[in-house]
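Student: I am attaching a structure below and will ask some questions about it afterwards.
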Amino acid sequence: MARPLVKVCGMTRMEDVELCVDLGVDLIGFIFHPGSPRNADPDFVASVKTGKVSKVGVFVNQTADEVIETMDRCGLHAAQLHGGQNVDFCWKIGPDRVIRAFWPETYASPRALERDLEAYSEVCGHFLLDAGVRGQGGTGKSINIEILQHIEIQTPWFLAGGLGPDNVRYALTANPSGLDFNSGVERAPGIKDETKLREIFRILAEME
């Protein structure tokens, strides 16, 4: 079984960035949302050099022009959209640069979720399926994976929502293209836990 992509989000410290790069994380995420305890300083993000590791910006309420400006300024490879942005918004950012978040538990049925995913399939490089409701993240709540067993997802997708060493094996049963870690690998909001991150990679290596 090939290892899924690993993304660690909510970065606020250089030492956590360096640890993730050393461990072999594929993507690191920076949150650009003043309401988040993990809100990142654009100057800090611009200073981060990650080599082959992709830098992702998480956006909620910004306009498309503001997202593009921040991406250029900070050297971001992708924009993760958490504000329910429409198809036209995604086109403006560029389909290959969009990770669009969806919240399966807010849909009336698996088919309703599947219809939304189909509508966005041509304007997103990846989807992210998260727990909770729109605009929230890093809450520690886990997604109900059973919802995903009734739909077919053609676009590569990340599974998010309270993922950590204690539930990563269960998360893999959903067969996601990638795993998105945040609160489940922290000691405090924005402060990553080295022991938990190392354990994640130990578990993933064990399952390959």
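The values are calculated or read from the model by the stated rules, or taken from the named source; none is laboratory data. All values reported here derive from a predicted model rather than from experimental measurement. Note: ideal-geometry Cβ built from the backbone for every residue, glycine included; neighbour counts use all protein chains shown.
Student: Which residue, of G84, G51, is of a type outside the set (D, E), in contact (Cβ under 8 Å) with a residue 40 or more places away in the chain, part of a loop (DSSP other than H, G, I, E, B) and on the phi > 0 side of the Ramachandran plot?
Tutor: Of the residues listed, the single one that is of a type outside the set (D, E), in contact (Cβ under 8 Å) with a residue 40 or more places away in the chain, part of a loop (DSSP other than H, G, I, E, B) and on the phi > 0 side of the Ramachandran plot is G84.
Student: With R187, R134, R111, R169 as the choices, which residue is closer than 20 Å to H33 by Cα, surrounded by fewer than 18 Cβ atoms within 10 Å (Cβ to Cβ) and either modelled with pLDDT under 95 or of a type outside the set (V, I, T) (or both)?
Tutor: So the residue among R187, R134, R111, R169 that is closer than 20 Å to H33 by Cα, surrounded by fewer than 18 Cβ atoms within 10 Å (Cβ to Cβ) and either modelled with pLDDT under 95 or of a type outside the set (V, I, T) (or both) is R134.
Student: I'm told A131 meets every condition in (1) in contact with a helix residue (DSSP H, G or I) (Cβ under 8 Å, 6 or more places away or on another chain); (2) assigned to a loop (DSSP other than H, G, I, E, B); (3) more than 21 Å from G162 (Cα to Cα); (4) among the small types (G, A, S) except one. Can you identify the failing condition by its number?
Tutor: Failing condition for A131: (3).
Student: Do we have G184 as closer than 24 Å to F30 by Cα, among the small types (G, A, S) and not in a helix (DSSP H, G or I) here?
Tutor: Considered against the rule, which asks whether it is closer than 24 Å to F30 by Cα, among the small types (G, A, S) and not in a helix (DSSP H, G or I), G184 comes out as no.
Student: Among the numbered conditions (1) within 19 Å of L128 (Cα to Cα); (2) of a type outside the set (G, A, S); (3) in contact with a helix residue (DSSP H, G or I) (Cβ under 8 Å, 6 or more places away or on another chain); (4) surrounded by fewer than 19 Cβ atoms within 10 Å (Cβ to Cβ), tell me where N61 comes up short.
Tutor: (3)
Student: Every residue in the stretch 59-74 that is assigned to a loop (DSSP other than H, G, I, E, B) and under 19 Å from R38 (Cβ atoms), please.
Tutor: Across the stretch 59-74, the qualifying residues are V60, N61, Q62.
Student: Next up: With among the charged types (D, E, K, R), in contact (Cβ under 8 Å) with a residue 24 or more places away in the chain and under 14 Å from I68 (Cα atoms) as the only criterion, which of D96, D130 stands out?
Tutor: Going through D96, D130 in turn, just one is among the charged types (D, E, K, R), in contact (Cβ under 8 Å) with a residue 24 or more places away in the chain and under 14 Å from I68 (Cα atoms): D96.
Student: Considering only the stretch 108-123, how many residues are in a helix (DSSP H, G or I), touching a strand residue (DSSP E or B) at 6+ places or on another chain (Cβ under 8 Å) and not charged (D, E, K, R)?
Tutor: Qualifying residue count for the region: 3.
Student: Tell me, which residue of the stretch 1-40 that is under 14 Å from G190 (Cβ atoms) and of a type in the set (D, E, K, R) is nearest to the chain's Cα centre (by Cα)?
Tutor: Per the criteria, the residue is R38.
Student: Could you check, for the stretch 68-89, whether at least one of its residues is within 13 Å of the chain's Cα centre (by Cα) and either aromatic (F, W, Y) or over 19 Å from L5 (Cβ atoms) (or both)?
Tutor: no
Student: Is it the case that some residue within the stretch 90-104 is farther than 26 Å from S142 by Cβ and assigned to a loop (DSSP other than H, G, I, E, B)?
Tutor: Yes, that holds for at least one residue.
Student: Could you tell me how many of the residues in the stretch 12-24 are buried (at least 22 other Cβ atoms within 10 Å of the Cβ) and either touching a residue at least 60 places away in the same chain (Cβ under 8 Å) or part of a strand (DSSP E or B) (or both)?
Tutor: Total satisfying the criteria: 1.
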